[in-house]
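Scroll down for the structure; my scribbles are underneath it.
The values are calculated or read from the model by the stated rules, or taken from the named source; none is laboratory data. Note that the coordinates shown come from a computational prediction; the quantities given were computed from them, not determined experimentally. Methodologically, a virtual Cβ is constructed for each residue, glycine included, from the backbone with ideal geometry; neighbour enumeration extends over all protein chains shown.
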């Protein structure tokens, strides 16, 4: 008699980090269960919005190599001008909503599904799954501490009737269950304290989290023991928490590509842990005057560097089409006069590069990062300490967590923000002196920060070997099959 199989549907948010993380999660599930078959539902951003994500997602899919893993692309939709009128997050949210009927059509033709796992930013799909009686889980791509903060804000907003966006104006530091230390108002994420973003999207996400069959978080106990304990100790009834991290994108997308040979060859020639890697992620960019300050800070630090420099989003004024960051055609147009010539022997400037492949290189010793959660996990996995420079989303509180809660990062900034929120000034200048100091701090060979990161690297590897949380999840999925 053939063994029964379970079909699981995974739906990532349409950004490269979210797709890559969900795919690695799918591989973990398949590796640990012969009963699971997984379909990943892909929603693509239009190429004019993000010229990098689509190509990267294609490469990730091509590398999957699993017979029990398949991909389904939902049909493209034609964005309305209103989608581009506000933030990138608003665009993605509207794109997801536009795909509800397409997902409904797909699920109606696909019987026997034991569960749907939706990304934390695509929770509107949970209701579609519910219409078919399919259990819905949330895949949370940030840390448990931020998950706890979101749920705390939702409870205070909905059950205590308090306007949580006013927390941003607090003159004192604030106390939240998922953080061991008091939290300055200046590092509260813009997605929680900007009224339009909070009420329009993120409080909706948080309400949906609480309806889930379970919340799957890309983290591990060794990294977030306090936040995990706080979540499990809350008096409010919450879905079961499954920490399945660290999940990092293992896809090798850079090796063997002829146009990157020069970069890898240069890294191969550098001494161990001698290069500082500067990168603000696929959606991170900075204004021209700030870029020049980074150049001055790098030059003054006298450290070797690899700088992933991306152009800020441009706006098509005729069609009002917002974009994600793109690539510069000539770095001389943006960098200080003579910078590239003076640093030709010690540094390289490039566009977008896959972070994990760079961080894995023996020559890289420090990482100036925007503190996206995937970037934090990748830095820990590779044992490379971070100098923090958040830009948007929840990155400010991630930076706070790494510097103040865990002592595993050096501060360049904790509260830099790309846009104004509740009186905060957008993009206040980070000086070359601060940048130089941060680079020197993160590159210090025998620092306590480096020692803590190396120790956490070992814990991250042990967490991957454990897999007990993954096994619990698989049991839930397969129990649905047997009991259905």
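A search for C-beta distances below 6 Å between a residue of the stretch 186-214 that is farther than 16 Å from residue 163 by Cβ and any residue that is assigned to a helix (DSSP H, G or I) and modelled with pLDDT under 90, counting only pairs 6+ apart in sequence or on different chains, returns 201/93.
Out of everything in the stretch 78-119 that is in contact with a strand residue (DSSP E or B) (Cβ under 6 Å, 6 or more places away or on another chain) and either in a helix (DSSP H, G or I) or farther than 18 Å from residue 18 by Cβ (or both), what residue ends up being modelled with the lowest pLDDT?
Looking at residues that are in contact with a strand residue (DSSP E or B) (Cβ under 6 Å, 6 or more places away or on another chain) and either in a helix (DSSP H, G or I) or farther than 18 Å from residue 18 by Cβ (or both), I get 84.
One line per residue, one yes/no per condition, for (1) at pLDDT 95 or above; (2) within 23 Å of residue 386 (Cβ to Cβ); (3) assigned to a loop (DSSP other than H, G, I, E, B); (4) not assigned by TED's automatic domain parsing to the domain that holds residue 13:
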{"position": "253", "(1), (2), (3), (4)": "no, yes, yes, yes"}
{"position": "273", "(1), (2), (3), (4)": "yes, yes, yes, yes"}
{"position": "276", "(1), (2), (3), (4)": "yes, yes, no, yes"}
{"position": "285", "(1), (2), (3), (4)": "no, yes, yes, yes"}
{"position": "298", "(1), (2), (3), (4)": "yes, yes, no, yes"}
{"position": "307", "(1), (2), (3), (4)": "yes, yes, no, yes"}
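Conditions (1) closer than 29 Å to residue 478 by Cβ; (2) at pLDDT 80 or above, marked per residue:
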site: 23; (1), (2): yes, yes
site: 26; (1), (2): yes, yes
site: 37; (1), (2): yes, yes
site: 43; (1), (2): yes, yes
site: 48; (1), (2): no, no
site: 60; (1), (2): yes, no
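Out of all the residues in the stretch 296-307, which are touching a strand residue (DSSP E or B) at 6+ places or on another chain (Cβ under 8 Å) and closer than 14 Å to residue 335 by Cβ? Those that are touching a strand residue (DSSP E or B) at 6+ places or on another chain (Cβ under 8 Å) and closer than 14 Å to residue 335 by Cβ: 298, 305, 307.
Output the helices (runs of 4 or more DSSP H) that fall wholly within the stretch 172-250 and possess 3 or more residues being surrounded by fewer than 24 Cβ atoms within 10 Å (Cβ to Cβ) and out of contact with any strand residue (DSSP E or B) (no Cβ under 7 Å at 6 or more places or on another chain), or say none. Steps first, answer last, please.
Numbers: elements: 190-193, 203-211, 225-233.
Of the helices (runs of 4 or more DSSP H) lying wholly inside the stretch 172-250, those with at least 3 residues that are surrounded by fewer than 24 Cβ atoms within 10 Å (Cβ to Cβ) and out of contact with any strand residue (DSSP E or B) (no Cβ under 7 Å at 6 or more places or on another chain) span 203-211, 225-233.
Restrict the check to the stretch 358-378 and report whether at least one residue is free of Cβ contacts under 8 Å to residues at least 24 places away in the same chain, buried (at least 21 other Cβ atoms within 10 Å of the Cβ), assigned to a helix (DSSP H, G or I) and not assigned by TED's automatic domain parsing to the domain that holds residue 188. Before the answer, list the steps.
Step one: filter the stretch 358-378 for residues free of Cβ contacts under 8 Å to residues at least 24 places away in the same chain, giving 360.
Checking which are buried (at least 21 other Cβ atoms within 10 Å of the Cβ) leaves us with none.
No, the stretch 358-378 has no match at all.
A residue that is free of Cβ contacts under 8 Å to residues at least 24 places away in the same chain and assigned to a helix (DSSP H, G or I) occurs somewhere in the stretch 387-410. For the stretch 120-159, a residue qualifies if it is outside any helix (DSSP H, G or I), more than 19 Å from the chain's Cα centre (by Cα) and touching a residue at least 12 places away in the same chain (Cβ under 8 Å), and the qualifying residues are 124, 132, 134, 135, 136. Selection over the stretch 330-352 of residues that are touching a residue at least 12 places away in the same chain (Cβ under 8 Å) and part of a helix (DSSP H, G or I) gives a count of 3. In the stretch 168-181, the residues that are over 18 Å from residue 224 (Cβ atoms) reach residues that are buried (at least 17 other Cβ atoms within 10 Å of the Cβ) with C-beta atoms within less than 6 angstrom, at least six apart or across chains, in these pairs: 168/185; 168/188; 168/193; 170/185; 173/184; 174/183.
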